[in-house]
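Coordinate-derived values only; no laboratory data. Being a predicted model, the structure only gives us computed values, none of them experimental. No Cβ is skipped: glycine too gets one built from the backbone with ideal geometry, and neighbour counts run over all protein chains shown.
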Amino acid sequence: MQNRRVLIASAHAPVRRLLTDVVRDEPGFTVVGEAGSEIEATALARRLEPEAVLVDFHLPHAIDLESVRLSRVSGLDTAMAIIDESRDARVILLTNLDDVILHGKVLIRGIARRMLVEIGGIKKAFTLRELCLEVPQAGALVYAHFEVTKRQPALGRSRAQRVLRNALLTLAGAFVLSHVAYLVIFLIGILLIAIAQ
């Protein structure tokens, strides 16, 4: 199976590195290009034909980009231009990236990165794969809020072994108690027979 091709667009190198890590962590996806501006992003999308494009919501406005009507949010302008150029690409417009980088949250060990999308008034966390392949959206544009949280400890081998050990000890304890109870009843029976004689 061929990897899904992803283009990353952000003016900030730390954001591009963060998004590259997100793509690398997702099996079956690979980064095919990085853009630092609107013009570069639309040109790369046209040339590389990626299946997914991750766009920083705060991508700076480009000067002399006359083919695109400018809104207040340049990342949205870029996303719309890419959709016009490449109708097959799923464009994910990410918010909160500046805040994540500004507070240095990406440097903390044991973090989980997730993308939240509001569907029917409920925010739900999605992986890149789910955003590209499974999220029901009208059109090719998905708005997602990028969030960094403490990673929940995975059920690692040592913890799994402790859980199994505890379960076995509980079973063994129940087995021993049941046999001790039978032994006590047997001994009381013998004692009663001895007293009766």
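The label point for ALA196 and the one for HIS145, both projected 7 Å from the Cα toward the Cβ, are 7.7 nm apart. Counting 0.36 nm for each residue step from THR127 to GLN2 and taking away their Cα separation leaves a gain of 43.1 nm. Between ARG17 and ARG46, residue separation times 0.36 nm minus the direct Cα-Cα distance comes to 8.2 nm. Between VAL180 and ASP88, the contour length at 0.36 nm per residue exceeds the alpha carbon distance by 26.1 nm.
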